[in-house]
Amino acid sequence: MLFRSTINVDAAQSILREEEGDSNGLVKASDFVHLRDTHWREVEDYIAKHVPRDGPAGSLDDMIWYQFGTGGKRVRAVIPMAIAQAVGTDLKEVMPFCATMELLHNATLVHADAQSRDRRRRGSQTLWVRYGLDQAINCGDGLLCVAQECLEGLQVSPSVMNRIRGHVSGHLLQIIREIG
């Protein structure tokens, strides 16, 4: 998806169809739900290596886990899992990327909520309402930094890592331009 410059469910389904050699076969939503339900804890555990779960109230760690605790479909973490599974890659190898994608997504949500002053997301108070506007901006920035740390866990060559970083940064800038 990075090389195609499109990261979404349609792109993932297209790639999976190509890998299966079946232009009529679509990945069902239940397949994504199963992957999420089976492997989300592994993503959380990977993130916990960089963000302790028991940070003091009001700390960056506390805010990050509050944001994750509000739920969500976790699509950004599951799409790389589905692709890895389709091509026979061990899911443990892509956990750093899965964590990175979910962290980046949540960073954009925190910033967008603060910018638009949305008070609720996923049935909970948005981060800026709970912790204040300044802290929400700090948390969004912190999520971006943690995402970069997680990305470093990929076991790929330096040249591949540089290409991944370039694609991730380019797409993130595009998102920032769109919500700005």
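The values are calculated or read from the model by the stated rules, or taken from the named source; none is laboratory data. All values derive from a computational prediction rather than experimental measurement. Protein only, heavy atoms only, side chains kept; ligands, DNA and RNA dropped before computing areas. Shrake-Rupley method; radii C 1.70, N 1.55, O 1.52, S 1.80 Å.
Measuring nothing but how far apart in sequence close Cα pairs (under 8 Å, 6+ apart) lie, relative to its length, the chain scores a relative contact order of 23 percent.
In units of the rule-of-thumb radius 2.2 N^0.38 Å, the stretch 74-180 shows an alpha carbon radius of gyration of 1.16. Across the accessible surface of the stretch 84-157, with the other protein chains kept in place and a 1.4 Å probe, carbon and sulfur atoms take up 47 percent.
The orientation-averaged shadow of the Cα convex hull for the stretch 44-94, equal to a quarter of the hull surface, comes to 3.9 nm².
In the stretch 92-154, the convex hull through the Cα atoms has an average projected area of 4.2 nm², a quarter of its surface area.
Per the Debye calculation on the chain with a single equal scatterer at every Cα and no solvent contribution, log₁₀ I(q)/I(0) for q = 0.09, 0.11, 0.13, 0.19 Å⁻¹ amounts to -0.32, -0.48, -0.68, -1.36. Estimated at 0.36 nm per residue, the fully extended path between ASP45 and MET161 surpasses their Cα-Cα distance by 39.5 nm. For the chain, the solvent-accessible area with a 1.4 angstrom probe is 53 square angstrom per residue. How big is the Kirkwood radius of the stretch 30-123, worked out from every pair of different alpha carbons and given in Å to one decimal? Over the stretch 30-123, the inverse of the mean reciprocal pair distance is 14.1 Å.
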